[in-house]
Every structure is written in C-alpha cells, then in structure tokens.
1. If you take the residues in region 4-16 that are assigned to a strand (DSSP E or B) and either surrounded by fewer than 18 Cβ atoms within 10 Å (Cβ to Cβ) or of a type in the set (D, E, K, R) (or both), which one is modelled with the lowest pLDDT?
2. What strands (runs of 3 or more DSSP E), lying completely within region 51-167, carry at least 1 residues that are in contact with a Gly (Cβ under 6 Å, 6 or more places away or on another chain) and among the aliphatic types (A, V, I, L, M)?
3. Inspect region 140-150 for any residue being within 25 Å of Arg45 (Cα to Cα) and either surrounded by fewer than 18 Cβ atoms within 10 Å (Cβ to Cβ) or touching a Lys or Arg at 6+ places or on another chain (Cβ under 8 Å) (or both) and give the result as yes or no.
4. Identify all residues within region 147-170 that are more than 15 Å from the chain's Cα centre (by Cα) and within 21 Å of Ala101 (Cβ to Cβ); write none if there are none.
5. Could you please let me know if Lys79 is in contact with a strand residue (DSSP E or B) (Cβ under 8 Å, 6 or more places away or on another chain), surrounded by fewer than 15 Cβ atoms within 10 Å (Cβ to Cβ) and not aliphatic (A, V, I, L, M)?
6. What is the residue count in region 103-120 for residues that are in contact with a strand residue (DSSP E or B) (Cβ under 7 Å, 6 or more places away or on another chain) and free of Cβ contacts under 8 Å to residues at least 40 places away in the same chain?
7. Of all residues in region 49-61 being closer than 20 Å to Tyr165 by Cβ and not β-branched (Val, Ile, Thr), which is surrounded by the most Cβ atoms within 10 Å (Cβ to Cβ)?
8. Only one of Ala108, Ala152 is among the small types (Gly, Ala, Ser) and modelled with pLDDT of 95 or more. Can you tell me which?
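The values are calculated or read from the model by the stated rules, or taken from the named source; none is laboratory data. Treat the numbers as computed from the prediction; the structure is a model and nothing was measured. Here Cβ is always computed from backbone atoms with ideal geometry, including for glycine, and neighbour counts include all displayed protein chains.
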Amino acid sequence: MSIIKHKAQRVAVLIDAQNMYHSAKHLYNARVNFKEVLKAAVAGRELVRATGYVIRTESGEEKPFLEALTKSGIEAQVKDLQIFPGGVKKADWDVGMAIDAVKFSQGAIDSIVLVTGDGDFVPLIEYLKAHGKQAEVMAFGRSTSQRLKEAADDFIDLGMEPRKYLLHMK
C-alpha cells in the first residue's frame, strides 16, 4: 500500500509517545529515534505541525525525553499521569490526539501521519479519509493493530529498519 507523496503536500505528524515508547521497549529493548521517525513521516513534504503526546510522571523522569523531542522539532503536549483510588494508573492521550487531528484536518493540511499502533484510532483514520485527507500510520508492525494498518492510506513499519528508527538502551 503505497501512496504518492509530493513536496507541495502539507503534513501534520501526531506522535503517540507512550505507545511508541512501550512498543520499542518491549519489542527491541530500545528507545525510539523520534528525529528519524519525524524525517520519514515528513518524507520531503511541507511540515506544518509535529506534536508528541507525553504523560508527565510523578518522578519527572520524562524531562530529558521532552527536551529530546523539542530538539527534534516536535512540540510536546503534556498531561499528568492519572492515579485513581486503589493505585490504578491511567496514561492516555487518545482523545487529545483525535481532537487535534480533526482540528488540523479542517485547515490546510493534506496529510496526517499518526505515529501509533493503537487500533483505537481506526475511526479517526476513517473520518480523515472521508473528509478528503490522506491518513498515514507509522509504527512497529509487530505491535500494530491489523485493522489500523488496513484502514490507513499508507503504513510504514518502523520495525523493518530498526537500526534507523531505534536508539539502543544502555
């Protein structure tokens, strides 16, 4: 499933940082090279917006990660980790990403690249396509929803080039 990408296309890239972090860690014991992911997502087109959706933990361990995102040209959207009575934790940006994608799709954006393997985004992909936008997905194929792969106009499997898209853990 390959699509035409040309220089005049205006692109927004939305990165589900938690999903990508956990996929890279569990599949490869590595971290994601977001700078390379962004470069591949843009693919020589006009980048309008690159946003990474990040959860702030109690320990603040994500600070170096946030700095690395910013240095890579990715704007960080941050929200606090939710901790419920009984200790249950929730870290989820799905609704925020979806709302931003819908907002961007109503502007002068030609293509939206979702960097996530989460199948919950299938209805969003369908919405974007129904509204004339190119909807692309990038993620690690082994941990990506099959329905998400099928729904997207294009799917780039980051696992096909792990040396390019991963930074190995120390």
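1. Selected residue: Asp16.
2. Those strands (runs of 3 or more DSSP E) span 75-80, 134-139.
3. Yes, there is a match, as at least one residue in region 140-150 is within 25 Å of Arg45 (Cα to Cα) and either surrounded by fewer than 18 Cβ atoms within 10 Å (Cβ to Cβ) or touching a Lys or Arg at 6+ places or on another chain (Cβ under 8 Å) (or both).
4. Scanning region 147-170 gives Arg147, Glu150, Ala151, Asp153.
5. yes
6. The qualifying residues number 1.
7. Among those residues, the one meeting the criterion is Gly52.
8. Result of the check over Ala108, Ala152: Ala152.
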